[in-house]
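Engineer: To start, I am sharing the structure in question, which I have written as structure tokens.
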Amino acid sequence: MKIIVAIKQVPARDSQLRIASSGKWIEESDLSYEINEPDAYALEAGLQLKEKHGGEVVALCAGPARAASTIREALAKGADRAIHIEEEMGEFDPLSAAQLLAAAVKSENADLILTGLQSDDLGYGQTGVILAELIGVPHATIVMQVEKTASGIRVKRELEDGWFQHVDMPLPALLTIQSGISKLRYATLMGIKKAKTKEVRRVTAESLSVAKEASGVTFERIYLPERSKHTQLFDGSPREAAAKLVEKLKFEARVI
């Protein structure tokens, strides 16, 4: 079973974010980076399937040279090899990013492609499903559990209000994995040593014959949330005022 896991390098969650002088993005020079959390769970799901059913796990990452550290982490945790698309991804929207990933996986003939549900930095939640459409395979999103069956796979999807959906799917397929579905493993010392000898195939958009097009998404302004205070008085009886207050706290302030 060949499993490709798409991973992304994002700013670390504890990084101190500053707005760049352009006002259109954050200052990246003093950031530290880590693997996107939902992608870490996708990698764990892929490794568990490999341990149960055999095969290989291929880490796929699009990003600049610094993304090599995230790729090494995936290899140290158990991925067998990796594909690094060496590109600055700031110019790529979800469609163009998916086109880049699709070109990279075209020759792999994978049985299963896993991605995180969304990225921690931009949070579009679109790249995985667009990728599935581009390569022509069925997909399922917000996946909580994956089981191999005689005819393909059976997945458990998270719906609203505590409901779940079980879906039988043929292979090949693509799944976007929900965070928190399992306990993430740490890279062992032996895994870190082995990662140094594992294959990392480096490609570019040019070598994949993917033309760089103008992004369909542009940022006009990045700014910190503006805080303001105001007082609101509720008319009516105490019961009516209390009901209005609860409604405000629940649907506007979202604190209850």
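Engineer: Name the single residue, out of those in region 190-200 being part of a helix (DSSP H, G or I) and free of Cβ contacts under 8 Å to residues at least 12 places away in the same chain, that is nearest to residue 72 (Cα to Cα). So that I can check it myself, show each step before the final result.
Structural biologist: Taking region 190-200 and keeping what is part of a helix (DSSP H, G or I), we get 190-195.
This time we only want the ones that are free of Cβ contacts under 8 Å to residues at least 12 places away in the same chain, so: 190, 193.
Working: 190: 13, 193: 10 Å.
If we take residues in region 190-200 being part of a helix (DSSP H, G or I) and free of Cβ contacts under 8 Å to residues at least 12 places away in the same chain, then 193 is nearest to residue 72 (Cα to Cα).
This table checks each residue for (1) under 18 Å from residue 119 (Cα atoms); (2) surrounded by 15 or more Cβ atoms within 10 Å (Cβ to Cβ).
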| site | (1), (2) |
| --- | --- |
| 15 | yes, yes |
| 18 | no, no |
| 24 | no, no |
| 32 | yes, no |
| 37 | yes, yes |
| 41 | yes, yes |
| 47 | no, yes |
| 51 | no, no |
| 56 | no, no |
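Engineer: Please go through region 54-96 and pick out each residue that is of a type in the set (Gly, Ala, Ser), out of contact with any Ser or Thr (no Cβ under 8 Å at 6 or more places or on another chain) and more than 20 Å from residue 110 (Cα to Cα).
Structural biologist: Just the residues of region 54-96 that are of a type in the set (Gly, Ala, Ser), to begin with: 54-55, 59, 62-63, 65, 67-69, 74, 76, 78-79, 82, 90, 96.
Right, trim to out of contact with any Ser or Thr (no Cβ under 8 Å at 6 or more places or on another chain) and you get 54-55, 59, 62, 65, 67-69, 74, 78-79, 82, 90.
65, 67, 68, 69, 90, listed by residue number.
Engineer: Filter region 50-109 for residues that are free of Cβ contacts under 8 Å to residues at least 60 places away in the same chain, assigned to a strand (DSSP E or B) and among the acidic types (Asp, Glu) and give the result.
Structural biologist: 56
Engineer: Restricting to region 201-235, and then to whatever is basic (Lys, Arg) and surrounded by 10 or more Cβ atoms within 10 Å (Cβ to Cβ), can you tell me which residue is modelled with the lowest pLDDT?
Structural biologist: Step one: of region 201-235, the residues basic (Lys, Arg) are 201-202, 212, 221, 227, 229.
Subset that is surrounded by 10 or more Cβ atoms within 10 Å (Cβ to Cβ): 201-202, 212.
Details: 201: 95, 202: 95, 212: 70.
Restricting to residues being basic (Lys, Arg) and surrounded by 10 or more Cβ atoms within 10 Å (Cβ to Cβ), the top hit is 212.
Engineer: Is there a residue being part of a loop (DSSP other than H, G, I, E, B), touching a residue at least 12 places away in the same chain (Cβ under 8 Å) and charged (D, E, K, R) anywhere in region 201-210? Step through it out loud before you land on a result.
Structural biologist: Here is the first cut: in region 201-210, the ones part of a loop (DSSP other than H, G, I, E, B) are 204-210.
Imposing the further condition that a residue be touching a residue at least 12 places away in the same chain (Cβ under 8 Å) reduces the set to 204-205, 208-210.
Within this subset, residues satisfying the condition of being charged (D, E, K, R) are none.
Checked against the condition, which is being part of a loop (DSSP other than H, G, I, E, B), touching a residue at least 12 places away in the same chain (Cβ under 8 Å) and charged (D, E, K, R), region 201-210 yields no hits at all.
Engineer: Just to verify a result, which residue in region 1-55, among those that are touching a Gly at 6+ places or on another chain (Cβ under 7 Å) and polar (S, T, N, Q), is farthest from residue 173 (Cα to Cα)?
Structural biologist: Per the criteria, the residue is 9.
Engineer: Moving on to the next point. State whether the residues of region 168-189 include one that is farther than 30 Å from residue 84 by Cα and outside any helix (DSSP H, G or I). Walk me through it before giving the result.
Structural biologist: Quick first cut of region 168-189, residues farther than 30 Å from residue 84 by Cα only: 168.
Cutting the leftovers down to outside any helix (DSSP H, G or I) gives us 168.
The answer is yes, given that some residue of region 168-189 is farther than 30 Å from residue 84 by Cα and outside any helix (DSSP H, G or I).
Engineer: I'm trying to understand the selection: among the residues of region 100-119, which are surrounded by fewer than 19 Cβ atoms within 10 Å (Cβ to Cβ) and farther than 22 Å from residue 146 by Cβ?
Structural biologist: 103, 106, 107 - these are the residues of region 100-119 that are surrounded by fewer than 19 Cβ atoms within 10 Å (Cβ to Cβ) and farther than 22 Å from residue 146 by Cβ.
The values are calculated or read from the model by the stated rules, or taken from the named source; none is laboratory data. The structure presented is a predicted model; accordingly, all values stated were derived computationally and were not measured. Quick reminder, even Gly has a Cβ in these numbers, built from the backbone with ideal geometry, and neighbours come from all protein chains shown.
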